[in-house]
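Heads up: the structure comes next, in structure tokens.
Nothing in this text is a laboratory measurement; each read-out follows from the coordinates by a stated rule. Worth saying up front: this structure is predicted, and the values here are computed from it rather than measured. Every residue, glycine as well, gets a Cβ built from its backbone with ideal geometry; the counts of neighbours run over all protein chains shown.
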């Protein structure tokens, strides 16, 4: 069972993991309505290191990125659901739209991002290069997204 770690403590926490000789993989996202695409993505993420950390967009961050009707589930609920997955070791909630500064603080060994990105389009690419972080791009599960789920629900209500 994963645990939620306060942002102010995560850099020291990751440093201790590194000092113990273990590796860390990080990813980020909103993870608003969890679906099979999320689960497969997080399982693959975990396969790259000893410990996995999900950098979770806060409610205000999700609203800024996705619009005023999101998130559907609040940040504490989303974090708790993620912690229930065996492939998630730690969750850190962050307020910015991009996890760049947080990634620069924790310096994971590996960073995963969806397959719709490349190193050329990855906003955090410079930070990854600077910190020698390996980047792995994970293919999405076709037709599985929170937006698809919301659209399906909206269609049923009509």
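Both radii are taken from the alpha-carbon atoms of the chain; with Rh as the Kirkwood radius, Rg/Rh is 0.96. Once the Kirkwood radius over Cα pairs is known for the stretch 1-70, the Stokes-Einstein relation at 25 °C and 0.890 mPa s delivers a diffusion coefficient of 180 µm²/s.
Computed as a quarter of the hull surface, the mean projected area of the alpha carbon convex hull for the stretch 32-106 stands at 5.0 nm². Each Cα pair under 8 Å and six or more residues apart adds its separation to the average, and for the chain the resulting relative contact order is 30 percent. Taking the C-alpha atoms only, the angle from helix 146-156 to the longest principal axis of the chain is near 10 degrees.
Given R0 = 30 Å, the distance between the Cβ atoms of residue 140 and residue 97 translates into a calculated FRET efficiency of 0.90. What the Cα atoms of the stretch 72-135 give is an Rg and a Dmax of 13.2, 36 Å. The C-alpha atoms of the chain define a longest principal axis, and helix 7-19 lies at about 50 degrees to it.
For the pair residue 44 and residue 72, a Förster radius of 25 Å applied to the C-beta separation gives a FRET efficiency near 0.55, rounded to the nearest 0.05. Projected label points at residue 16 and residue 84, each 7 Å from Cα along the beta carbon direction, are separated by 2.7 nanometres. Mean-square fluctuations from a GNM of the chain, with a 10 angstrom spring cutoff on Cα atoms, peak among 42, 102, 82 at 102.
Axis angle, to the nearest 10 degrees, between helix 36-46 and the longest C-alpha principal axis of the chain: 0 degrees.
Taking 0.36 nm per residue of separation and subtracting the Cα-Cα distance, full extension of the segment from residue 36 to residue 158 would add 41.4 nm.
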